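Colleague: This is the structure I have questions about; it appears just below.
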Amino acid sequence: MEEQTIIRAFGVTDIGRVRDHNEDAIHVAAAQGYVLVADGMGGHNAGEVASALAIEGFTQFLAKDHDSDDSVAEMSEFSAQTLVLRDAIYAANAAIYEDALQNAARQGMGTTLVSASFEGGRIAVAHVGDSRLYRFRDGFLEQLTTDHTLVQEMLDRKVYSEEEARHSRNKNVITRALGLADIVEVDLLEALLRDDDVYLLCSDGLTGMVDDSKIAEVLGHCQADPEAAATQLLKMANNSGGNDNISIIVVYVDKVVAGQESSSEEELDWFD
């Protein structure tokens with residue numbers, strides 16, 4: 001049997017200290033090499049329906065045979081590994097959108113989704129919304145995804161400063177989500193893995209409560225222990241107010257397969 005890159009992952013989702021139900025959903029499939037975080041939104045508890053449908057639609061798509069993806073990838077700047085994640089998000093989006101069409105109370109429901117797969121010497125990422133993926137490497141924390149929010153657009157246009165963005169009343173306005181239309185735009189990313197990399201996927205229930213500097217401290221202290229890191233970050237988010245549902249997955253790369261490409265220099269490519 002072909003040797004696989006070895007990862008260890010742990011995830012937790014929590015209602016927080018203010019909300020009356022949890023609209024987040026996570027999926028940790030370390031044996032299959034992928035993880036997911038979804039943060040739902042919508043009235044009448046439809047947010048939790050949207051995030052659950054996103055996880056279900058995504059995982060059901062991945063369970064299917066995708067032998068033809070290599071030929072498709074030859075015409076793309078991305079590998080088959082990444083294109084499968086994109087197509088799984090398309091499937092999840094369709095499941096949410098079609099459910100909303102059939103249930104009036106769920107119209108307008110949606111969800112973020114950030115997904116990552118670890119295969120050979122590469123991480124593939126596909127995401128929509130403001131749930132994030134970070135990499136912690138050599139003591140440095142880097143956000144690899146870009147938020148699909150009004151505040152991020154204002155930052156990109158230099159309308160807001162970093163300080164203004166942190167205190168903006170619009171910081172929770174999402175500009176892209178699954179389920180709102182029959183077609184969704186997905187950002188894609190590929191990067192090379194290194195032994196001892198740590199990856200954090202999370203909803204804004206964490207990042208809205210805990211600064212990146214504090215997140216980096218925890219990941220540095222608990223680097224090889226994903227469960228300890230996730231548990232500590234959850235505690236910090238709740239202790240800081242727990243104003244939203246909190247979802248956290250921490251992935252530690254034990255070993256990149258010998259003979260697979262790995263490097264300290266990698267290109268970050270995006271699909272818009």
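Colleague: Using θ = phi - 60° and the Karplus relation 6.51 cos²θ - 1.76 cosθ + 1.60, list the HN-Hα couplings for region 113-130 in order, rounded to whole Hz, with x at every Gly or Pro.
Modeller: Those phi angles translate into 7, 10, 10, 9, 10, 10, 9, x, x, 10, 9, 10, 10, 9, 8, 9, x, 10 Hz.
Colleague: Something else now. May I ask you to order 78-91, 13-26, 116-129, 210-223 by the average number of other C-beta atoms within 10 Å around their residues, highest value first?
Modeller: 116-129, 78-91, 13-26, 210-223
Colleague: Using the 10 angstrom Cβ neighbour count as an exposure proxy, how do Val114, Val184 rank, fewest first?
Modeller: Ranking Val114, Val184 by Cβ neighbours within 10 Å, fewest first, gives Val184, Val114.
Colleague: Find how much the distance from Asn172 to Val18 grows on full extension, using 0.36 nm per residue of separation minus their present alpha carbon separation; answer in nm with one decimal.
Modeller: Extra length available between Asn172 and Val18 comes to 53.8 nm.
Each reported figure results from applying straightforward, stated rules to the coordinates on display, with no laboratory input. Because the structure is a prediction, the values reported are computed rather than measured. Counting neighbours? That spans all protein chains shown, and the Cβs are built from the backbone with ideal geometry, glycine included.
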